[in-house]
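Quick notes on the structure that follows.
The values are calculated or read from the model by the stated rules, or taken from the named source; none is laboratory data. A quick note: this is a predicted structure, and the numbers were derived from the prediction, not measured. All Cβ positions, glycine included, derive from the backbone under ideal geometry; neighbour counts span all protein chains shown.
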Amino acid sequence: MEGMSEREYSAHSGVSRGAIQKARKAGRLVVYKDGSINAAASDVRRGEMTDPDQQRRSTGGDSGFSGPADSSSYLKARTALTVYQAQERQLAIQKKKGMLVDRARAETLVFRLARQERDVWVTWPSRVAALMAAEVAAEVEKQSGKPVRPVMIEAAILQRVLETHVRAQLDALADLRVNLG
């Protein structure tokens, strides 16, 4: 017998006998005429024809890696890719369920809502000044108990006072910034 038997080559290469039989059928081993295995030539051929990841899985470790890079860096890169793909799928699922929203769209909606709210407050004094003036005048007359001389409150004056205070409040709110991330 010129070379090794399947059992001997299995022990030599650190893989199962079944893996050696599959490699022989696939033509990844160099065999002598008597059927024995040329170990040195078979190691080279298996290294060239077998996926490094497959070699590691068959040996249960990193000893079968034949590439120029460090085997741990390959495993780390493969793991990082798998983690990234899983996170990407999870984000896609969350987006489909409506749990995630587009940041630019959310910022646009918040800005639009703030602008609408500001516009409502800016026009509010002109809408309520006359009503407030009438209510205050009625309350003052009621408190004084003397209907002899009616109390008059200028709606325009009340409107200017309200506008001043509302604008001061809006200026204070303008300093607030929305931070979405």
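Quick notes on this structure:
- Residue ID - modelled with the highest pLDDT, chosen from residues in the stretch 124-181 that are of a type outside the set (S, T, N, Q), within 20 Å of Arg112 (Cα to Cα) and assigned to a loop (DSSP other than H, G, I, E, B): Asp175
- Across the stretch 77-99, the number of residues qualifying as at pLDDT below 90 and within 30 Å of Ala19 (Cα to Cα) comes to 0.
- Cβ-Cβ under 7 Å pairs, at least 6 apart or on other chains, the stretch 120-137 side under 10 Å from Leu158 (Cα atoms), far side part of a helix (DSSP H, G or I) and among the β-branched types (Val, Ile, Thr): Pro125/Val166
- Within the stretch 162-171, the set of residues being loosely packed, with under 13 Cβ neighbours inside 10 Å and either within 14 Å of Ser126 (Cβ to Cβ) or touching an Asp or Glu at 6+ places or on another chain (Cβ under 6 Å) (or both) comprises Thr164, His165.
- Search result, residues across the stretch 33-60 that are modelled with pLDDT of 80 or more and on the phi > 0 side of the Ramachandran plot: Gly35
- Of the criteria (1) within 29 Å of Leu173 (Cα to Cα); (2) among the β-branched types (Val, Ile, Thr); (3) not assigned by TED's automatic domain parsing to the domain that holds His165, which one Thr123 fails: (3)
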